[in-house]
Amino acid sequence: MAISANNFIVVYELGSLDSADFAAYYAEKHGMNTSTSNPSGSTGSSGDINWEVHGQLLGIQLTDTTEILPSEAVFNAQLLNPIVDAISSSVELSNLNIWGIVLGYNIPGGFYNGDDIVSSTSRLSRLNFSFSKKTQNKLYNRSVFQRFDSTDATHVLICSRIDAPTLLQAKGYVDNAIELNDQGLANGTFYIDQYSDRAALGYLDYQDILSDFNDNLLPTLNLNTWETTFQDPYIDSVIPFVENDSFVWSWFTDRSHSSFFKQTNALRIFLYNADYDGGFTITDEDSRRWPYLALSAGYVATAGAMSNPTIDGFLNPNSFFNALLRGATIGEAFLFSVPHVDWTISLFGDPLTYCSFPASDPVDEDVINEHEAWNIISKDLARSAADLYKKESDLKSVTLEVVDIITSDPSVGVDDISVDAAVTLLYPANDLYNNNKEAVWQSQLKPLVDTFFDFPRLRYNVQTTGVLAPNVNDYLTEQGFKVSRLLSDISSSAIIEEDNLLDDGWWQFEFTVYDDDVDNYVNYHFILEVASDENFVNILMTKDSYSIRNWTYEKEKNTFVDLTFSGVSSSYIGRKVRYESRQDPLISLDEYLTRGETYYFRVTQYNLETEEEYILREYTNIIYS
Amino acid sequence: MNLLITYKTVADLINNAQKIGAETVTYFDSMIDTLSSSEILEESTDRQRLESQINVTSGVMTNYHQLYTRQMKDFVFTLQKFIDDNYLSVNDFLSDNNIKVLPIFADISRTVGYPIDDENIDSGDIS
């Protein structure tokens with residue numbers, strides 16, 4: 001079930017007509033329930049703070065409505081505890097599947113905690129967990145995209161804040177959101193600023209993220225783009241102004257002016273400037289911080305930090321726009337792109353808005369790239385050949401066993417029955433073996449192998465590969481693939497070059513990363529054991545991915561990169577990890593295994609930080625090289 | 001006697017050969033699944049040509065490696081008949097000599113007219 005307004009509640013200040021008016025306005029625009037079916041079960045108090053529920057609206061009788069509350073204790077008393085109590089004890093809210101919270105007009109935006117200001121939205125997104133400052137967001141930057149669901153809601157809620165200097169302005173923000181949902185299509189320019197005047201290591205990491213986005217995902221949105229140019233590492237490249245804009249993603253230069261936003265005929269959808277205090281206030285009409293300016297200029301949503309989120313706390317544009325592109329709401333996109341919770345960054349604006357792009361539909365995760373499909377089929381074909389190779393070997397052994405009945409051990413002597421047995425069984429044993437000899441099973445596979453090896457030549461005779469109508473060797477070289485010698489031996493029409501063949505005995509083990517610690521964001525490493533028996537009595541080798549050599553993981557679909565000491569994070573659940581066998585005579589290293597034999601593999605994921613080991617997963621694999 | 005030593009080895013080899021041969025069919029199913037999940041359009045003649053050949057080869061694999069071939073049945077029949085002719089029965093031979101055969105071998109034996117009692121089948125290890 002995709003997220004909808006039915007999954008949200010709106011929090012307002014009980015006793016404030018303006019705040020209640022705003023909540024009702026938002027609810028009406030989204031068709032939310034505002035009626036009370038059981039008045040007696042819809043009111044309560046938390047300490048000395050009263051609350052009242054009307055359908056999906058929760059009024060809290062705040063005694064402190066300053067934008068930033070003085071402490072966590074005050075925040076808990078004023079907001080968190082009443083919300084928790086109301087959700088658990090009111091009839092209306094306890095029956096809702098609550099996936100998100102909108103903090104409405106005049107609701108505090110955060111609280112001081114030491115030198116930091118924790119945003120209300122970030123803290124409330126972890127409503128059912130105790131406060132743990134700057135906790136890794138379990139849903140951050142998931143490599144395998146999925147829409148927010150009920151399981152996700154057990155980890156983090158989608159929380160947003162809609163506030164403004166005036167009620168009219170706050171309602172205007174809602175109107176902008178509804179207009180976007182009605183129109184749907186993003187039609188304005190995307191302004192991106194990749195460069196700042198910061199040059200330390202962490203800053204360069206974020207610049208890399210922005211560059212990656214600019215080079216790869218942004219072009220697929222098919223929007224007009226405008227980007228800053230690099231001048232000098234100590235000069236902050238800035239966007240001078242925007243017009244006909246739909247998105248802005250920039251960093252530093254943390255103050256601006258309303259004149260930055262020129263005329264637009266496009267829908268203004270989302271602006272983010274990565275800086276240290278943009279979200280400090282959105283109710284000060286004199287503010288020159290980006291979130292307030294953006295909302296005032298007609299942007300539907302924006303985000304900003306109330307205090308320094310640190311560089312690794314900035315939003316990630318890749319996960320944000322990947323989510324939007326796949327139909328997620330802005331609330332989901334924000335949650336998937338914010339690295340930490342119980343922290344300083346807040347989403348401002350309507351979380352239930354969404355948009356489409358003039359881009360073609362993104363390729364579904366389940367769709368296999370055609371070159372990758374060829375490679376997968378190559379492996380399956382090789383496995384089938386390895387099976388028949390092994391079958392032939394077994395049946396040859398049967399024949400030898402029959403012969404051995406009378407020849408194995410002369411000292412034992414040969415009885416008449418054994419002689420009869422050998423004579424009787426030899427012909428059918430030999431017949432069986434002959435029917436499964438190499439020449440026979442190779443001839444059974446040959447038409448398919450030939451067709452398969454000829455596939456690239458026929459397929460890419462007009463399409464874009466490096467070589468037009470490539471023969472199989474050209475194709476293998478271009479794609480970086482290798483094939484089994486078992487297949488090469490079968491084909492008569494193609495001679496596979498040595499460089500394109502797998503070594504005899506080479507193997508690669510591939511497995512999927514599982515969510516073994518459902519409550520936490522974890523960096524995983526892996527222990528791989530290989531045994532010759534299914535009971536793992538005879539373990540041939542044990543490999544720990546912390547050694548990283550020959551370990552790779554699927555950073556993006558079908559793109560494998562070297563594993564690092566930091567392991568593979570929870571963001572990559574559902575992606576693959578590979579270990580590739582090594583052979584190096586110079587150091588007497590030989591991990592290669594016997595062709596046609598089946599081996600038993602088991603993998604244990606472990607937590608890099610705590611060293612906790614999770615469950616064992618067992619697999620079998622035939623050596624097909 | 002030597003045959004006693006050999007019987008168990010041969011029966012297990014037959015079991016494993018039949019088992020691994022039958023497994024090949026699953027790889028052809030997997031190939032079809034891969035093509036179906038790929039971005040190569042179903043209407044593409046390249047895909048259709050490859051898919052057709054996979055299906056043809058899968059049929060060959062089924063006939064020659066998943067089903068019990070005449071040669072496979074002949075061998076097991078000959079082996080079991082020999083035992084039956086020289087002992088009270090196959091099952092007596094197995095139980096008297098404390099031999100347990102694997103399930104696939106037992107099934108081939110049943111197919112050729114020599115059913116094996118459950119107590120003579122090692123169902124705990126089908127490898």
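Miscellaneous remarks
- Between the amide H of A:F526 and those of A:S545, A:Y546, A:Y606, distances stay under 5 Å, these residues lying 5 or more places away or on another chain, with hydrogens modeled in the peptide plane.
- Rg [Å, one decimal], Dmax [Å, integer] - region A:5-349, C-alpha atoms: 19.3, 65
- Sequence-distant residues sharing a close amide H with A:S143 (under 5 Å, placed H): A:Y572, A:I573
- Residues whose amide H falls under 5 Å from that of A:N113, counting only those 5 or more places apart or on a different chain, are A:V118, with hydrogens built in the peptide plane.
- Annotation: extensible slack from A:N50 through A:D215 equals 54.2 nm (criterion: 0.36 nm per residue apart, minus Cα-Cα distance).
- Once the Cα gyration tensor of region A:123-228 is diagonalised, semi-axes √(5λ) in Å: 27, 25, 17
- Shielding by partners - mean other protein chain Cβ count within 10 Å, residues of A:438-444: 2
- Packing-based ranking, highest mean first, of A:421-429, A:222-230 given that Cβ atoms within 10 Å are counted: A:421-429, A:222-230
- The packing ranking of peptides A:317-327, B:37-47, highest mean first, is A:317-327, B:37-47, where packing means the average number of other beta carbon atoms within 10 angstrom of each residue.
- In this structure, B:I99 and A:E611 have a Cβ-Cβ separation that, at R0 = 56 Å, corresponds to a calculated FRET efficiency of about 0.75.
- C-alpha center-to-center spacing [region B:63-127, region A:51-89] in angstrom: 75
- Net charge over other residues, Cβ less than 14 angstrom from the Cβ of A:P39 (K, R count +1; D, E count -1): -2
- Crossing angle, helix A:17-29 versus chain A [Cα axis fit, 0-90 degrees, rounded to tens]: 40
- Computed [θ] at 222 nm, helices only, for chain A once each DSSP H run of length n ≥ 4 contributes -39500 (n - 2.57): -9500 deg cm²/dmol
- Dipole of region A:508-622, positive direction: furthest Cα of A:Q605, A:T552, A:V537, with charges on the beta-carbon: A:T552
- Cα-centred dipole magnitude for region A:508-622, charges only on beta-carbon of K, R (+1) and D, E (-1), debye, nearest 20: 480
- With 10 Å bins from 0: P(r) over chain B, alpha-carbon pairs, percent: 12, 35, 22, 14, 11, 5, 0
- Remark: spin-label model distance A:K262-A:S94 equals 5.8 nm, labels positioned 7 Å along the Cα→Cβ axis.
- Computed over all pairs of different Cα atoms, the Kirkwood value for the hydrodynamic radius of chain A is 28.4 Å.
- Checked against a 23 Å cut-off, the cross-linked pairs A:K390/B:K73; A:K29/A:K138; A:K543/A:K576; A:K446/A:K576 give Cα-Cα distances beyond that limit for A:K29/A:K138; A:K446/A:K576.
- Karplus (6.51, -1.76, 1.60) ³J(HN,Hα), θ = phi - 60°, over region A:495-511, in Hz, Gly and Pro reported as x: 9, 7, 5, 3, 5, 9, 10, 6, 5, 4, x, 4, 8, 9, 10, 10, 9
- Mean-position separation - Cα centroids, region A:131-173 and region A:326-389, in angstrom: 20
- Per-pair calculated FRET efficiency, R0 = 25 Å: A:T512 and A:T310 via Cβ, rounded to 0.05: 0.20
- Where N is the number of residues in region A:230-281, Cα Rg divided by 2.2 N^0.38 Å: 1.22
- Under Karplus coefficients 6.51, -1.76 and 1.60, residue-wise ³J(HN,Hα) of region A:611-625 in Hz, glycine/proline x: 6, 5, 9, 9, 6, 7, 10, 10, 9, 10, 8, 9, 7, 10, 7
- Using the average count of surrounding beta-carbon atoms within 10 Å as a protection proxy, the listed peptides A:35-44, A:522-531 rank, highest first, as A:522-531, A:35-44.
- Shown is the FRET efficiency for A:A73 and A:R326, computed with R0 = 45 Å from the Cβ-Cβ distance and rounded to the nearest 0.05: 0.65.
- Based on alpha carbons, the Rg and Dmax found for region A:61-158 are 14.2, 44 Å.
- Simple Cβ-charge dipole of region B:2-120, Lys/Arg +1 and Asp/Glu -1, about Cα centre, in debye nearest 20: 400
- Here the Karplus relation 6.51 cos²θ - 1.76 cosθ + 1.60, evaluated at θ = phi - 60°, turns the backbone of region A:211-225 into coupling constants of 5, 4, 4, 4, 7, 10, 7, 3, x, 6, 6, 6, 9, 5, 10 Hz, with x for every Gly and Pro.
- Among A:A266, A:T564, A:N81 - extreme Cα towards positive end, dipole of the protein assembly as shown, charges at beta-carbon: A:A266
- For region A:488-526 versus region A:585-609, the spacing of their alpha-carbon centroids is 12 Å.
- Taking the alpha carbon gyration tensor of region A:370-497, multiplying each eigenvalue by 5 and rooting it gives semi-axes of 46, 12, 9 Å, largest first.
- Positive minus negative residues near A:V300 (Lys, Arg vs Asp, Glu; Cβ under 14 Å): -1
- Charge sum, other residues only, whose C-beta stays under 13 Å from A:T166's C-beta, Lys/Arg counted +1 and Asp/Glu -1: -4
- Peptide B:82-89 has a mean of 2 when you count, residue by residue, the C-beta atoms of other protein chains within 10 Å of its C-beta.
- Per-residue shielding of B:49-58, expressed as the average number of other chain Cβ atoms within 10 Å of the residue Cβ, stands at 5.
- Working note: Cα atoms of region A:481-625, range along each principal axis, descending, whole Å: 55, 36, 29.
Coordinate-derived values only; no laboratory data. From a predicted model like this one, the values you see are computed outputs, not experimental measurements. Ideal geometry is used to build each Cβ from the backbone, glycine not excepted, and the neighbour counts take in all protein chains shown.
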